[in-house]
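The next block holds one structure in the form of structure tokens; read it before the comments.
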Amino acid sequence: MAFTIAIDGPAAAGKGTISKAVAQHFGFAHLDTGLLYRAVGRRMLDGVPALDAARALMAQDLDAEDLRAPAVAQAASKVAVMPEVRAELVDFQRAFARRSGGAVLDGRDIGTVICPEAEAKLFVTASAEVRAQRRFAELAGAGVITSYDRVLADVRERDARDMGRAEAPLRPARDAVLIDTSEMDIDAAVARAIDAVNLARRST
Ligand code: CDP
């Protein structure tokens, strides 16, 4: 049986953690679609044209070590503006979404463009300041030297690019359940997401 859970939202809103926990709870497979754009962005930083990198993308590229680096995140959001790059990545994401046994995909356009027919759609958000604080702590924990102000500027710049682009801009699907995690801890956010999916499961 296929069942797709689409989880979208801006940088560092908690999508990744929520998606992993939801996938584990329901025994579904999980795809962090941001890794596709990060892997293409990573190759672009090496001088490979973005479209060539998207065409040649392989599963093992998603395991590259430095995909979480801030420079790669910025490069990802730059290649993500290109319609032909996005188009290259559609089939892989759709096939993953419809695999039997259920799938959770997190990203920016899963509920709106990749899987508008997803059985459950969530939009996870939080204030830019809270998101920057979380990302700063995450990067510091991973040994990346940066400052809160720098991370906040990065988050705002990426938000503007992701929301302002013509192709597949970041926005909630009309029927998405909104979860604002600004004042929620991770356990509460996960519980809220699981409740929303259970509700969708009962009505399909
Ligand atoms: O983890 P974080 O939320 O910071 O970023 P990510 O989900 O890994 O995504 C990195 C960048 O890829 C985003 O800023 C988007 O520009 C792009 N992206 C996208 O356009 N569409 C997706 N489905 C996923 C990511």
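In region 119-141, is there at least one residue being within 13 Å of the ligand (Cβ to nearest atom), assigned to a helix (DSSP H, G or I), among the acidic types (Asp, Glu) and under 17 Å from the mean Cα position of the chain (by Cα)?
Yes.
Restricting attention to region 83-104, the residues that are within 13 Å of the ligand (Cβ to nearest atom) and either in contact with a Gly (Cβ under 9 Å, 6 or more places away or on another chain) or free of Cβ contacts under 8 Å to residues at least 40 places away in the same chain (or both) total 5.
Would you say Ala95 is part of a helix (DSSP H, G or I) and surrounded by fewer than 14 Cβ atoms within 10 Å (Cβ to Cβ)?
Against the criterion (part of a helix (DSSP H, G or I) and surrounded by fewer than 14 Cβ atoms within 10 Å (Cβ to Cβ)), Ala95 qualifies.
Limited to region 14-61, what total is found for residues that are part of a strand (DSSP E or B) and open to solvent by 30 Å² or more (accessible area, probe 1.4 Å)?
Of the residues in that region, 2 qualify.
Close Cβ contacts (under 9 Å, 6 or more residues apart or on different chains) running from residues in region 21-44 that are modelled with pLDDT under 95 to residues that are open to solvent by less than 10 Å² (accessible area, probe 1.4 Å) are absent. The residue of region 145-188 that is nearest to Leu199 (Cα to Cα), among those that are small (Gly, Ala, Ser) and in a helix (DSSP H, G or I), is Ala188. Filtered by the rule that a residue be away from the ligand (no atom under 14 Å from the Cβ) and either of a type in the set (Gly, Ala, Ser) or at pLDDT 95 or above (or both), region 47-67 gives Gly47, Val48, Pro49, Leu51, Asp52, Arg55, Ala56, Ala59.
The values are calculated or read from the model by the stated rules, or taken from the named source; none is laboratory data. Fair warning: this is a prediction, and the values are worked out from it, not measured in the lab. Quick reminder, even Gly has a Cβ in these numbers, built from the backbone with ideal geometry, and neighbours come from all protein chains shown. With ligands, DNA and RNA removed, areas are computed over all heavy atoms of the protein, side chains included. Shrake-Rupley method; radii C 1.70, N 1.55, O 1.52, S 1.80 Å.
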